[in-house]
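Inspection log for the structure reproduced underneath, given as structure tokens.
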Amino acid sequence: MKNIIGFLMGLNILWGCTSVQDETSVLRFGIFADVQYADCPSENMRFYREALRKLDTCINYFNKENVQFSINLGDIIDRRNRDLDTIKSYLCRLDNKIYHLTGNHDYKEVVNNSMLYRQLGMPSEYYWFKKGNWVFIMLNTNEIAAYANVAGTEKEQELAEMLDKIKQEGGKQGYRWNGGISQKQMEWLDNLLADCEKHKHNVLVFSHHPFYPFSEFTALNNVEILETISRYSCVKAVISGHHHAGAFGYYKGIPMITQEGMIETEIQNAYSIVEITKDSILMKGYGRVPTRSFKYSDGL
């Protein structure tokens with residue numbers, strides 16, 4: 001009960017904080033995905049050491065373009081937790097705040113998930129924040145996953161049920177590198193979206209694992225997540241990582257963007273700057289990330 005009351009109080013406080021300036025200004029923020037840095041030789045089209053050079057270029061460009069904040073879509077390292085120190089020494093050069101999601105590779109060598117969230121400065125394993133009239137929802141699609149320390153917890157049973165359902169329905173995504181969200185997180189998402197709809201706020205949803213188009217890289221319970229998200233017209237787009245090749249599609253009118261992974265090429269980079277105006281979302285891609293533009297209806 002205390003958690004529910006705190007959640008609602010937090011919503012009420014933040015809903016009342018939007019200034020006229022916030023509502024009329026353009027939002028500009030940077031996005032990158034799947035840096036997957038490791039101090040090791042390249043293999044199978046993954047250029048681990050070169051990731052630092054590409055991340056440095058991305059950071060310098062975000063600073064030059066005066067983005068208001070940045071979002072990391074997960075998999076910032078590849079295999080050693082201590083590599084986070086190297087990555088953070090680069091990220092501290094950003095002129096503005098960065099919001100993190102975790103990816104499946106980020107859990108390597110991690111035995112306590114809370115430690116990982118603290119290392120990244122995340123307020124919780126899934127969370128949200130508000131900029132002007134926009135709510136940014138940061139889902140944790142690693143919550144129910146074989147690699148995320150679920151053994152011996154109630155989440156282990158949820159994982160078994162998800163994998164069994166995928167097998168019965170002939171799904172593509174039942175691999176160890178994929179994860180899903182718990183029923184608890186799903187209820188949190190549903191409640192938050194209902195409040196956003198009620199208060200006429202626009203929403204962007206972010207996740208490491210994509211939900212659509214369907215592939216061997218989508219979240220384990222992507223269909224259930226899509227059903228929840230698509231019930232709310234306040235959701236204007238969903239942006240994910242994990243699938244390094246990138247992908248795009250509309251699900252019931254909602255743009256579903258999978259950002260290309262930075263790790264996958266030796267020289268060509270991959271990052272984007274998102275600009276939100278009063279009626280459109282422009283994703284300006286750099287390197288092998290395409291540029292896309294979407295119109296949306298403001299005021300629900």
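The values are calculated or read from the model by the stated rules, or taken from the named source; none is laboratory data. Because the structure is predicted, anything quoted here is derived from the model rather than measured. Positions of Cβ are backbone-derived with ideal geometry, glycine not excepted, and every protein chain shown enters the neighbour counts. Surface areas here come from the heavy atoms of the whole protein model, side chains and all, with no ligands, DNA or RNA. Shrake-Rupley method; radii C 1.70, N 1.55, O 1.52, S 1.80 Å.
Label-to-label distance for ARG79 and TYR175 is 1.7 nm, based on points extended 7 Å past Cα in the beta-carbon direction.
Centroid-to-centroid, using Cα positions, the stretch 127-159 and the stretch 179-211 are 10 Å apart. As a length-normalised measure over Cα pairs under 8 Å and 6 or more apart, the relative contact order of the chain settles at 19 percent. List, in order, the whole-Hz ³J(HN,Hα) value for each residue of the stretch 130-135 obtained from phi through the Karplus relation with A = 6.51, B = -1.76, C = 1.60 and θ = phi - 60°; use x for Gly and Pro. Rounded to whole hertz, the list is 10, 10, x, 8, 10, 10. Here LYS200 is the anchor, and the lysines within straight C-alpha reach of less than 29 Å, apart from those fewer than 8 places off in the same chain, are LYS2, LYS97, LYS130, LYS131, LYS184, LYS236, LYS252, LYS278, LYS284, LYS295. Put simply, the convex hull of the Cα atoms in the stretch 219-269 casts, on average, a shadow of 4.0 nm². Annotation: amide H of GLU143 within the under-5 Å range of GLY180, sequence separation 5 or more or interchain, hydrogens built in the peptide plane. Scalar couplings 3J(HN,Hα) for the stretch 179-194, obtained by applying the Karplus form with A = 6.51, B = -1.76, C = 1.60 to θ = phi - 60°, are x, x, 10, 6, 4, 4, 5, 5, 5, 4, 4, 4, 5, 5, 5, 4 Hz; x denotes Gly and Pro.
Close amide-amide hydrogen proximity is noted between ASP75 and GLY103, ASN104, HIS105, ASP106, each under 5 Å apart and 5 or more residues distant or on a separate chain (H modeled in the peptide plane; Pro and chain starts excluded).
Could you work out how far apart the two model spin labels at ASN96 and LYS167 are, taking each label as a point 7 Å from the Cα in the direction of the beta carbon, and quote it in nm? A separation of 4.7 nm, rounded to one decimal place. Looking at the stretch 143-201, the trypsin sites (Lys or Arg not before Pro) that sit in a DSSP loop and have at most 10 other Cβ atoms within 10 Å of their own Cβ are ARG176. Computed from the Cβ-Cβ distance with R0 of 45 Å, the FRET efficiency linking LEU282 to GLU154 stands at 0.60. ARG49 exposes around 120 Å² of accessible area when a 1.4 Å probe is run over every protein chain in place. Global dimensions of the stretch 76-131 from alpha-carbon coordinates: Rg and Dmax equal 11.6, 34 Å. Of all beta bridges that DSSP places with both ends in the chain, some 55 percent have antiparallel geometry.
Backbone phi angles across the stretch 207-214, fed through the Karplus curve with coefficients 6.51, -1.76 and 1.60 (θ = phi - 60°), yield HN-Hα couplings of 7, 6, 7, x, 10, 7, x, 5 Hz in residue order; Gly and Pro are listed as x.
A value for Kirkwood radius over Cα pairs in Å was derived from the coordinates, and within the list [x] 19.5; [y] 24.2; [z] 20.6 it appears as [x]. Remark on TYR271: its backbone amide H falls under 5 Å from those of TYR286, ARG288, VAL289, a criterion applied only to residues 5 or more positions apart or on other chains, H modelled at 1.01 Å from N. Of the GluC sites (Glu not before Pro) found in the stretch 191-260, those in coil by DSSP whose Cβ has at most 13 other Cβ atoms within 10 Å are GLU216. Solvent-accessible area per residue in the chain equals 44 Å², computed with a 1.4 angstrom probe and all protein chains kept.
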